[in-house]
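Student: Dropping a structure here in structure tokens format, bear with me for questions.
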Amino acid sequence: MAIQGWITFNLVSIIGQHINAQPISPTWHRADLPPAFESLIMMLLEKDSEKRPASAKDVLAALESIEKGDIKESVTEQQVSTENPIYRRIFVGRENELKQLQNAFTGAMSGQGALMMVVGEPGIGKTSVCEELSTFVTLRGGMSLWGHCYEEGSLSLPYLAFVEAIRSYVLDREPEHLNKELGSGATDVARIVSEIREKLHIEPRETESPEEDRYRLMQAVTSFLANASSVKPMLLILEDLHDADRGTLEMLSYISRNLSGTRLLIIGTYRDVEVDRNHPLSAVLAELRRVSSFRRVLLRGLNIDEVRRMLTRITNEEIPVGLAEVVHRQTEGNPLFVQEVVRYLTEEKLLSSESGKITTSGETTLEMSIPEGLRDVIGKRLTLLSNECNQLLSFAAVIGREFRLELLQKVAMVSDDELMNSLEEAKKAAVVEERSGLGATVTYRFAHAFFRQTLYEEMIAPRRIRLHQQVAKALEETYSSRLEEHAAELAEHFSHSSDSADLEKAVSYGEMAAKRATDVYAFGEAARLLEQAIKVQEILDYDDKEKRCDLLMALCEALFYAGEPGRAMDTEASAALSLAEDLNDRQRASHVCCLASQAAIYRFFGNVAFTPEGKEWINRIDRYAEPNTINRVVADGWMGEVKIFSGNGKEGRKLLNRGLELARQLGDPEAFWWIAAAWMWLIGYNPQHIQEALELTEEMVKQPHTGVSLVSLQTGFIFMGETFYLTGQRERAEECYGQLQLLAERTQQPNFLLSSTAHDASVSTMNGHLEETLEIAQRLEELDQELGLPEFTYNQGLNVSFRPYLYLHKDNSFLLDWLEDLPATNVAPRLLCLAYLGRDSEATEILDQWS
């Protein structure tokens, strides 16, 4: 220990001279060291060589990072500008949890990218653990990026946590290096990070297909982070994922599947007590658990010894074991609760210091004096602040957890001195923290969400409504040139009003925010914003059916792309059609029906015409589609399917041919791909028409993909591939299936994933690998449980597993059960079943009907 002390003293001396050009006194104490220096000393003394800096160059780089302030000021102990030591932020314990996280970053440094979740209740220390890890990363020569998620009503942009993290990186990079790291994805990432547009003088690429562009954005961000981490290993921290927008969760899911080979460690934090099975994060976590590099670190309360250490470091006094036990019993070791209790007891003069020891008025009395819950102790501490300070903080609580100084002053309408005095008072009491912003921007943040929630919930409803109005108007004035960026906040604040003009603004801003989300392919977030706009519109003017219908149609489209076809079809489309019919508006009605039919394809696969819901929507399309329109092409395709499956093949072919010719006349790529795929499925498999199918397939090969929806591309590639197979062109067929697989990988759309897996099974069967096919069929069932598309998966599973079962099982008794379950659209399997069972007359009847 003496040798270690000598080494430590000399290290401290060197560091002190490097930073201050002054020698360190031999009477130095470890507590005198700034937290970042202490962390560097402890790393240099690590027994494990893997944990020590690799070279003197790395040590110097770490020292320079500390000098420049690259390490977060709040690490380990953040000394707030106050004389009282009880307001320092203290970190103790968590050695095992930190070791897991540090090991993960060490692995990332060698190209083993990973994703880890730090999980626990409010106040348990998730942020503090991440700050400690960030210090470790900086001292190892890495870089840390932080992104935050905010509760509804606060700052809300699609992919906000990633935008915040990338923005901080972009501002510190030279254009030359930034351009190289962004590569060909620069114009895609620039769509969500405006600083890239300004720094590199580029514009986002033109939108082509929403799903395709969404993939390009996800891929561009993934590649950018991978390239940036190859320059310097990277830690990306995403805080409060329980408040994340859908876009952030989708981006996280995509990047996490592509971490292999990168020097990137992603850490997410969330409150597990707020994430039930219906929470959006729950479904994402279920998917992330399949990522091999995923790990979960659960934080629990500190033990009694750790609570005692924490109290000692807070007070700089010796703490009796009995006091530590009382505090632990009341707080269950929650670090935030422990700190707030000590602050409260000190402020209430229930703790005092005598001869370097903490004394109390008696442990029984003390235990009775500790508030029962964290919210209670925070409420009691807030009452000790001045009325002026509490009033200002109430304004801030309505703005959100984070608030800008200029906005707060406009809302509160106070002088500079009054504003500063109240903020300084709150800061000294560790209720708010000051955060550095871009340029001269000053931002403050409540030290914990509980402070904001307590202040907000204490206000009576009329006062909250009035303050929301004031905040909304101040936002409009402050960000008049950038309203789109703050549209979601404006919609939220105006929606709390009872004034019709404010509610109208809430709807308008909600639509603006939803369009912004759609423009960057955050369809789930767009759906959430539109749902809110619809609710406000119903309060504003329930009788404005045109507006409600338009909002519902926009919601249908967002839900369809977000992977919720059932809800889009059954609920929102039905409501929109009812309104269109009340208005006697054929154009709106026709558009609604087309949206519902698209959703039906994803929901029912090839059996839309055989479901009651599908038939009903097809009849509606036919009823409302006007002549010589794209919707008429769609209607002819659907009605052709109905006619063929009802035994009227001649009329069905006539309708399909008419639709195909109209699509050519209109020159619309989407309409052509859609009707061509329908024609090949319904007519092209007939031997009499195989040559026509091949000619149509060749025509589709020459057609551009621009402007074609992914659902049309998907079905087109499926039937083009099968036509090539039927005509003996296997290589060209597999090119089509390769395109299908690429669509699935790019979009991660549930139906595409299922179709791609099903076609893997078909190829396996053709190669004679029957057992492998059955394994793939089993994988389809597992995907169904995860993706929630039972009808679609059932039909795909029947198609791919039928022949392997037939060839591998000597006992064909299972055919009777299959025959009963097979939908009428699965013609080939039905014919095979009937033939194997010797029911030739029934098989012949079906063949005659289809021919």
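The values are calculated or read from the model by the stated rules, or taken from the named source; none is laboratory data. The shown structure was predicted, so the numbers you read here are calculated from the model rather than taken from an experiment. Using ideal geometry, Cβ is built from the backbone for each residue, glycine included, and neighbour counts are taken over all protein chains shown. Accessible surface is based on the protein model in full, side chains and every heavy atom, while ligands, DNA and RNA are left aside. Shrake-Rupley method; radii C 1.70, N 1.55, O 1.52, S 1.80 Å.
Student: May I ask you to give the solvent-accessible area per residue for the stretch 620-676, in square angstrom, as obtained with a 1.4 angstrom probe?
Tutor: 43
Student: What is the calculated FRET efficiency for residue 98 to residue 203, with r their C-beta to C-beta distance and R₀ = 56 Å, to the nearest 0.05?
Tutor: In this case the efficiency is close to 0.80.
Student: If packing is taken as the mean number of other Cβ atoms within 10 Å per residue, what is the order of 291-301, 463-473, highest first?
Tutor: Result, highest mean first: 463-473, 291-301.
Student: Another question, then. Could you list, in their original order, any pairs among 650/702; 380/505; 99/180; 473/515 whose Cα atoms are separated by more than 26 Å?
Tutor: 650/702; 380/505; 99/180
Student: If you don't mind, another one. On alpha carbon coordinates alone, what is the Rg over Rh value for the stretch 502-657, Rh being the Kirkwood radius?
Tutor: Expressed as Rg/Rh, it is 1.03.
Student: Also: As an exercise, use a Förster radius of 56 Å and the Cβ-Cβ distance of residue 480 and residue 845 to find the FRET efficiency, rounded to the nearest 0.05.
Tutor: 0.20
Student: Tell me the per residue accessible area of the stretch 213-296 using a 1.4 Å probe; a whole number in Å² is fine.
Tutor: In whole numbers, the stretch 213-296 has 36 Å² accessible per residue.
Student: At what distance in angstrom do the alpha carbon centres of the stretch 181-197 and the stretch 703-767 lie from each other?
Tutor: The stretch 181-197 and the stretch 703-767 have Cα centres separated by 31 Å.
Student: Answer rounded, prolate or oblate for the stretch 432-504, using the Cα gyration tensor with square roots of eigenvalues a ≥ b ≥ c: rounded when a/c is under 1.5, else prolate when a/b is larger than b/c, else oblate.
Tutor: oblate
Student: Which residues does a label at residue 587 reach in the stretch 534-561, if reach means a backbone N under 20 Å from a point 7 Å past the Cα toward the Cβ?
Tutor: 544-557
Student: Any idea of residue 246's accessible area? Nearest 10 Å², probe 1.4 Å.
Tutor: Approximately 90 Å² of residue 246 is accessible to the 1.4 Å probe.
Student: Please give the FRET efficiency for residue 515 paired with residue 282, using the beta carbon to beta carbon distance and R0 = 25 Å, rounded to the nearest 0.05.
Tutor: Efficiency for this residue pair is about 0.35.
Student: Please give the per residue accessible area of the stretch 368-496, computed with a probe of 1.4 Å over protein heavy atoms only, in Å².
Tutor: 45
Student: Right, something else. So how exposed is residue 570, as accessible area in Å² (1.4 Å probe, rounded to 10)?
Tutor: The accessible area comes out at roughly 70 Å².
Student: Take the solvent-accessible surface of the protein heavy atoms, probe 1.4 Å, and return the percent of it on the stretch 485-566 that carbon and sulfur atoms account for.
Tutor: The C+S portion of the solvent-accessible surface of the stretch 485-566 is 46 percent.
Student: Take each of the peptides 273-284, 389-400, average the number of other beta-carbon atoms within 10 Å over its residues, and list them starting from the highest.
Tutor: Result, highest mean first: 389-400, 273-284.
Student: According to a simple spin-label model (label point 7 Å from Cα along Cα-to-Cβ), what is the distance in nm between residue 816 and residue 152?
Tutor: Label-label distance for residue 152 and residue 816, simple model: 5.4 nm.
Student: Further question on the same structure: Which distance in nm do the two modelled labels at residue 729 and residue 781 give, with both placed 7 Å along the Cα-to-Cβ direction?
Tutor: It works out to 3.8 nm between the two label points.
Student: I would also like to ask the following. Given the whole protein assembly as supplied and a 1.4 Å probe, what does the accessible area of residue 571 come to in Å², nearest 10?
Tutor: It works out to around 70 Å².
Student: Further question on the same structure: What whole-number distance in Å separates the alpha-carbon centres of the stretch 513-543 and the stretch 646-697?
Tutor: Between the Cα centre of the stretch 513-543 and that of the stretch 646-697, the gap is 37 Å.
Student: Something else now. Expressed in nm to one decimal, what extension gain is obtained for the pair residue 174 and residue 325 from 0.36 nm per residue of sequence separation less their Cα-Cα distance?
Tutor: 49.0 nm
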